Amino acid sequence: MTEFRTEKDSLGEVRVPDSALWGAQTQRAVDNFPVSGQPMPPEFIASVVQVKRAAAQANASLGLLEPELRDAICDACDRLLKGEHADQFPVDRYQTGSGTSTNMNVNEVISALAREQGVEVNPNDHVNMSQSSNDVIPTAIHVSAVLAVKSRLLPALSHLRGVIYGREAELSGQVKTGRTHLMDAMPVTLGQELRTWREQVAATELRLERAMEDLAALPQGGTAVGTGVNAASEFAGQFVKFLKQNTGYPFRSLEHKFLGQSAVDAPVALSAQFRGVAVVFTKIANDLRWMNSGPIHGLAEINLPALQPGSSIMPGKVNPVIPESVAMVSAQVTGLDAAVAMAGQSGNFQLNVMLPLVGANLLDMCGLLANASNLLADKALQGFTVNTENLNAGVGRNPVLVTALNPEIGYALAADIAKEAYRSGRPVIDVAEERSGLSRKRLEELMNPLKLTRGGLT
């Protein structure tokens with residue numbers, strides 16, 4: 001049987017589980033928001049803790065907080081950042097729009113841990129000194145997103161790009177039939193297809209880096225409405241100084257704090273870049289699925305690694321499970337981005353009132369994309385094999401090769417040759433030899449598939 005203690009806040013008494021480190025305000029939120037069973041992501045809680053640590057250091061540097069209280073708060077924060085007491089943050093992500101419940105949850109837990117060490121730390125007066133939920137939560141959104149992208153997504157994308165580059169170099173000379181509208185087109189190399197994916201991934205990395213530049217500007221110090229009431233004028237500068245020291249990332253103070261509290265434009269922009277990564281992943285996943293299709297009646301250009309039986313009823317069937325998983329991740333990220341965009345529209349006067357959703361969704365998207373990127377690299381791209389005979393045979397039978405003859409025989413005659421080759425099933429070079437007036441040697445020169453992948457005039 002759970003035992004309870006009584007805690008008080010400005011509204012009165014609240015029963016709190018005796019084992020909980022949190023206090024009355026957290027408990028009210030637990031009782032008020034039994035919505036999803038999903039608390040805020042651990043990375044977000046850690047960023048709120050980083051805010052509290054830097055704020056305590058800043059306040060102490062300004063003579064506003066006694067060194068003993070600063071040390072107690074910092075020690076408690078350090079314990080939380082090491083992963084201790086991770087179960088003490090139960091507030092549902094679908095809570096009050098300012099995230100006040102999460103802010104107070106962190107304040108109360110830090111206060112309780114300090115009291116365990118014999119130091120009387122008040123969650124409002126000390127842990128929340130010079131702060132408001134209205135600047136803490138937007139700041140934590142920025143900090144958590146930046147650190148997650150830096151530590152998880154960018155390394156995963158870099159790894160993916162490296163794997164693609166390795167396969168690209170290996171397959172640079174392998175010719176295959178290009179496709180437009182899913183129909184046979186002029187030849188390309190498998191290396192050229194892979195390079196397209198690599199360039200796409202590299203471009204997403206650059207766009208993410210640019211998005212994080214805006215997120216590095218923090219609204220902390222704006223307090224309730226952006227004016228900085230109840231915070232020293234030097235607080236914001238001191239705060240970012242200590243936060244930079246603690247995290248190793250060059251955060252800076254947002255000049256007009258209103259911007260980061262009433263609007264969430266920078267997080268919305270990052271969300272859009274996550275959607276862009278999802279679009280790239282969908283392209284790669286779908287190309288892999290098509291290339292792997294078959295093995296008898298599909299394209300059968302490559303064989304993805306066989307990771308698991310593909311059917312509960314059809315023996316021997318193996319499906320492209322990794323590209324399918326990645327495509328589902330991309331769909332989910334697209335949906336989460338749409339929710340963030342809608343949340344971004346809820347900046348009413350001096351406060352956006354969907355802050356927890358924005359913070360949680362950004363971290364969900366970042367984690368999903370990082371995991372999908374590693375799966376794509378390690379379990380699909382790294383290990384696929386090439387059906388060389390199928391690719392070479394397909395290129396040789398492709399009547400579209402006649403396109404190379406356009407400069408010498410004209411479009412109309414080339415079209416007639418292609419149609420006859422389609423109709424008869426004969427190699428296009430044989431039909432061209434009969435009808436073009438060009439020698440076999442010249443036709444072989446003009447219609448050399450590998451040469452055609454390099455473009456230009458033959």
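The values are calculated or read from the model by the stated rules, or taken from the named source; none is laboratory data. Just so we're clear, the structure is a prediction, and the values are computed from it rather than from any experiment. As a convention, Cβ positions derive from the backbone with ideal geometry for all residues, glycine included, and neighbour counts pool all protein chains shown.
Would you please list the contacts, defined by Cβ atoms under 6 Å and residues six or more apart or on different chains, that run from a residue in the stretch 182-201 that is over 12 Å from residue 167 (Cβ atoms) to a residue that is of a type in the set (Lys, Arg) and assigned to a helix (DSSP H, G or I)?
The qualifying pairs are 201/161.
Mind checking whether some residue in the stretch 313-328 is among the small types (Gly, Ala, Ser) and surrounded by fewer than 16 Cβ atoms within 10 Å (Cβ to Cβ)?
Looking for residues that are among the small types (Gly, Ala, Ser) and surrounded by fewer than 16 Cβ atoms within 10 Å (Cβ to Cβ), one finds at least one in the stretch 313-328, hence yes.
With the requirement that a residue be farther than 19 Å from residue 99 by Cα, of a type outside the set (Gly, Ala, Ser) and outside any helix (DSSP H, G or I), what does the stretch 348-396 give you?
382, 384, 385, 386, 387
Residues to consider are 92, 78, 9; find the one that is modelled with pLDDT under 95 and not small (Gly, Ala, Ser).
9
Hey, does the stretch 79-100 have a residue that's at positive phi and touching a Pro at 6+ places or on another chain (Cβ under 6 Å)?
Within the stretch 79-100, one or more residues are at positive phi and touching a Pro at 6+ places or on another chain (Cβ under 6 Å).
Taking interchain pairs and intrachain pairs at least six residues apart, which have beta carbon atoms under 9 angstrom, with the first residue in the stretch 359-377 and in the same structural domain as residue 211 (by TED's automatic domain parsing) and charged (D, E, K, R) and the second at pLDDT 95 or above and in a helix (DSSP H, G or I)?
364/332; 364/333; 364/336
Given (1) in contact with a Leu (Cβ under 7 Å, 6 or more places away or on another chain); (2) in a strand (DSSP E or B), where does residue 112 come up short, assuming only one miss?
(2) is the only condition that residue 112 fails.
Is the stretch 343-359 home to any residue that is in contact with a helix residue (DSSP H, G or I) (Cβ under 8 Å, 6 or more places away or on another chain) and over 30 Å from residue 266 (Cβ atoms)?
no
Identify the single condition in (1) part of a helix (DSSP H, G or I); (2) more than 17 Å from residue 284 (Cβ to Cβ); (3) in contact with a Lys or Arg (Cβ under 6 Å, 6 or more places away or on another chain) that residue 185 does not satisfy, given that it satisfies every other one.
Tallying (1) part of a helix (DSSP H, G or I); (2) more than 17 Å from residue 284 (Cβ to Cβ); (3) in contact with a Lys or Arg (Cβ under 6 Å, 6 or more places away or on another chain), residue 185 fails exactly one: (1).
Go through the stretch 19-60 residue by residue and tally those that are within 17 Å of residue 128 (Cβ to Cβ) and either of a type in the set (Ser, Thr, Tyr) or not assigned by TED's automatic domain parsing to the domain that holds residue 89 (or both).
Final tally of qualifying residues: 2.
Just a yes or no: is a residue in the stretch 112-125 touching a residue at least 40 places away in the same chain (Cβ under 8 Å), over 21 Å from residue 7 (Cβ atoms) and either crowded, with 21+ Cβ neighbours inside 10 Å or of a type in the set (D, E, K, R) (or both)?
No, the stretch 112-125 contains no residue that is touching a residue at least 40 places away in the same chain (Cβ under 8 Å), over 21 Å from residue 7 (Cβ atoms) and either crowded, with 21+ Cβ neighbours inside 10 Å or of a type in the set (D, E, K, R) (or both).
Need pairs with beta-carbon distance below 9 Å; first residue at negative phi and within the stretch 226-241, second in a loop (DSSP other than H, G, I, E, B) and among the charged types (D, E, K, R); sequence gap 6+ or separate chains.
227/257; 236/257
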